[in-house]
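Only one structure is covered here, and it is reproduced in the block below.
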Amino acid sequence: MPRLIYILNGPNLNLLGKRQPEIYGTDTLADIEARCRRLLPENADLKMLQSNHEGQIIDWIHEAREEASGIVINPAAFTHSSVAILDALNTFEGPVIEVHISQVHKREAFRHHSYVSLRADGVIAGLGIEGYEAALRRVLSLTDRAL
Ligand code: DQA
């Protein structure tokens, strides 16, 4: 069975490419998925998921408990508000890397706090969409010895 990595994306990230391009760039989630797929070794696969609904993201994290070796997550605005996503991630045993496209610490103060960082094994902010590739590389290396 190939290692499966979940890449979870929170609210408004479906608009990536059109949404505030001066902050988030012009690449879409499909572009990010294509770049990430190029990094996959033969024995690994990924599932790219996005939802605007907190409960859906929690359900995917529960599904990941059974199916995934690791999680890359950009919780978007839920980063700063969701104890429920933190609690769900705390039930997941594999590596979790948190990604933010923008440099959240250079932005409004409410973006400086992340509930998800209390669980994440690594946090990436401000690398643009390259952050997803860095996060995926890290999850792949952390799950490699589990083969
Ligand atoms: C974001 C940063 C969050 O503060 C914001 O709410 C987002 C995207 C990022 O990728 O930079 O929607 O997670």
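The values are calculated or read from the model by the stated rules, or taken from the named source; none is laboratory data. Computed from a predicted model, the values in this text were never measured in an experiment. Quick reminder, even Gly has a Cβ in these numbers, built from the backbone with ideal geometry, and neighbours come from all protein chains shown. With ligands, DNA and RNA removed, areas are computed over all heavy atoms of the protein, side chains included. Shrake-Rupley method; radii C 1.70, N 1.55, O 1.52, S 1.80 Å.
Quick rundown of the values:
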| item | result |
| --- | --- |
| Any hit, region 130-144, residues being not small (Gly, Ala, Ser) and not in a helix (DSSP H, G or I) | no |
| Lone qualifier among Glu66, Glu54 - being at pLDDT 95 or above and farther than 18 Å from Leu4 by Cα | Glu54 |
| Near pairs, Cβ below 8 angstrom, 6+ apart or cross-chain, from region 43-57 (touching a residue at least 12 places away in the same chain (Cβ under 8 Å)) to any residue that is loosely packed, with under 15 Cβ neighbours inside 10 Å and among the basic types (Lys, Arg) | Leu46/Arg37 |
| Matching option when the condition is surrounded by fewer than 18 Cβ atoms within 10 Å (Cβ to Cβ), within 20 Å of Glu133 (Cα to Cα) and more than 13 Å from the ligand (Cβ to nearest atom), among Leu40, Leu46 | Leu40 |
| Residue list for region 64-81, filter: within 16 Å of the ligand (Cβ to nearest atom) and open to solvent by less than 50 Å² (accessible area, probe 1.4 Å) | Ile71, Val72, Ile73, Asn74, Pro75, Ala76, Phe78, Thr79, His80 |
| Positions within region 18-32 being crowded, with 16+ Cβ neighbours inside 10 Å and out of contact with any helix residue (DSSP H, G or I) (no Cβ under 7 Å at 6 or more places or on another chain), in sequence order | Tyr24, Gly25, Asp27, Thr28 |
| Flag for Ile61 being more than 16 Å from the ligand (Cβ to nearest atom) and either within 20 Å of Arg138 (Cβ to Cβ) or open to solvent by 70 Å² or more (accessible area, probe 1.4 Å) (or both) | yes |
